[in-house]
1. State which residue pairs qualify: first residue free of Cβ contacts under 8 Å to residues at least 12 places away in the same chain and inside region 58-83, second residue among the hydroxyl-bearing types (Ser, Thr, Tyr) and in a strand (DSSP E or B) in any location, beta carbons under 9 Å apart, and separation of 6 or more residues or different chains.
2. Filtering region 25-42 down to residues that are part of a loop (DSSP other than H, G, I, E, B) and not basic (Lys, Arg), which residue is surrounded by the most Cβ atoms within 10 Å (Cβ to Cβ)?
3. Please specify each residue of region 1-24 satisfying the condition of being surrounded by 13 or more Cβ atoms within 10 Å (Cβ to Cβ) and part of a strand (DSSP E or B).
4. What is the one condition in (1) in a helix (DSSP H, G or I); (2) under 23 Å from Thr27 (Cβ atoms); (3) among the β-branched types (Val, Ile, Thr) that Thr48 does not satisfy?
5. Restricting attention to region 50-75, which residues are buried (at least 22 other Cβ atoms within 10 Å of the Cβ) and at pLDDT below 95?
6. Would it be correct to say that Arg52 is in contact with an Asp or Glu (Cβ under 9 Å, 6 or more places away or on another chain) and under 28 Å from Asp20 (Cα atoms)?
7. Out of everything in region 124-142 that is at pLDDT 95 or above and outside any strand (DSSP E or B), what residue ends up being nearest to Phe106 (Cα to Cα)?
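The values are calculated or read from the model by the stated rules, or taken from the named source; none is laboratory data. Fair warning: this is a prediction, and the values are worked out from it, not measured in the lab. Because the Cβ atoms are built from the backbone with ideal geometry, glycine has one as well, and the counts that use them run over all protein chains shown.
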Amino acid sequence: MTIKIGDQIPSVTLYRMTADGPAEITTDALFTGKRVALFALPGAFTPTCSTRHVPGFLAKADAFKAKGVDAIACVSVNDAFVMGAWGEDQGVGDKILMLADGSGDFARALGLELDLSGRGFGLRSQRYSMLVENGVVKALHVEDGGGFEVSDAETLLADC
């Protein structure tokens, strides 16, 4: 079943890169008591993700903060090393938390898993964005197919 507005985010462990290596972060720790703009994409270093999705959220980071968003997080079915390197490549600094869903547990728990095996990617996450307040989904924009039309930063910012 796919997550929807009003649903609680499931409890899952994700990973982020730190100076000491990969570190766990639970969705409970990420979302409880906070307002978070979360966006997900099929893969790090891929064209649309690298030229439009991440740069759009990076460009709007201050606008999200001005609207009371505590954190912006990007999640992908990649490992923490890849997400860390991609964050460095994109220059996100501390503006976007780059999260690894290495085994796709989060994507699966949300019902937003995407099978790209036919293209050599395996199981990934659909492209989407959501606004989460204290662990509850307040806005959700899932792309239909492989497009990039509704999960962009501007669309989510309008929900804040």
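1. Partner pairs satisfying both residue conditions: none exist.
2. Within region 25-42, the first condition is being part of a loop (DSSP other than H, G, I, E, B), and the residues that meet it are 32-34, 42.
Within this subset, residues satisfying the condition of being not basic (Lys, Arg) are 32-33, 42.
On the way: Thr32: 11, Gly33: 9, Pro42: 22.
In this case the residue turns out to be Pro42.
3. Gln8, Thr13, Leu14, Tyr15, Arg16, Met17, Pro22
4. Here Thr48 meets the rest and fails (2).
5. Across region 50-75, the qualifying residue is only His53.
6. On the way: in contact with an Asp or Glu (Cβ under 9 Å, 6 or more places away or on another chain): yes; under 28 Å from Asp20 (Cα atoms): no.
When the stated conditions are applied, Arg52 does not pass them.
7. Only one residue tops the list, namely Gly135.
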